[in-house]
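The values are calculated or read from the model by the stated rules, or taken from the named source; none is laboratory data. Remember, it's a predicted structure, so these values are computed and weren't measured experimentally. All Cβ positions, even for glycine, are placed from backbone atoms using ideal geometry, and neighbour counts span all protein chains on display.
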Amino acid sequence: MDSIDALAAVGVREELQARGWDRRWPACPEEARSLGRWPGSRDGGFPEQLPLRLPARLERQARAACWYTSAEAIDALRDWRAQYPHVKPSRRWAPAGLESALEEYDQLASLVTTTGEIWRAGIEHGMNAVAVCHMTSR
């Protein structure tokens, strides 16, 4: 495990603890492990990628926590897509009279926590921990 991986692992654990998610979760359904984007994921993503090698148990715990705390919103987003097949949230476009559907989508999407959010928060926590250690070692 590389130092960035160790830093991220410490930070991911801290993020899970902060959210009250540091516990056992049921195994995720197969679709939660697919490489595609989850319903509610923001389009565009981030221009930079940072590959991480996290301990398998920690990765499974974080993925399950995200999935099960977002399950209702994911189901609601699927229903939303069935109800508004012509609205394009990724393009911020809706046919005339359905503009409010975009606001509804945004509200539902804000209730979905992706693993990417947890990984980014974990890296931030890890970097903050390093900064604190560096400051106290002076």
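Here are a few things to note about the model shown:
- Meets criteria (small (Gly, Ala, Ser) and farther than 24 Å from residue 27 by Cα) for residue 126: yes
- Some residue of region 91-107 being touching a residue at least 40 places away in the same chain (Cβ under 8 Å) and in a helix (DSSP H, G or I): no
- Residue check, residue 70 over 30 Å from residue 49 (Cβ atoms), at pLDDT 90 or above, in a helix (DSSP H, G or I) and of a type in the set (Ser, Thr, Tyr): no
- Only residues that are within 19 Å of the chain's Cα centre (by Cα), small (Gly, Ala, Ser) and more than 25 Å from residue 49 (Cβ to Cβ) were counted across region 73-115, and they come to 2.
- The residues on offer are 37, 19, 23, and the sole one that is surrounded by fewer than 17 Cβ atoms within 10 Å (Cβ to Cβ) and at pLDDT below 90 is 37.
- Any pair with Cβ under 8 angstrom, 6 or more apart, that starts in region 32-59 at a residue that is under 24 Å from residue 72 (Cα atoms) and ends at one that is at pLDDT 80 or above and charged (D, E, K, R): 32/63; 33/63; 39/78; 39/81; 58/13
Yes/no matrix, rows are residues, columns are (1) under 20 Å from residue 7 (Cα atoms); (2) at pLDDT below 90:
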site	(1), (2)
42	no, yes
55	yes, no
96	no, no
101	no, no
106	no, no
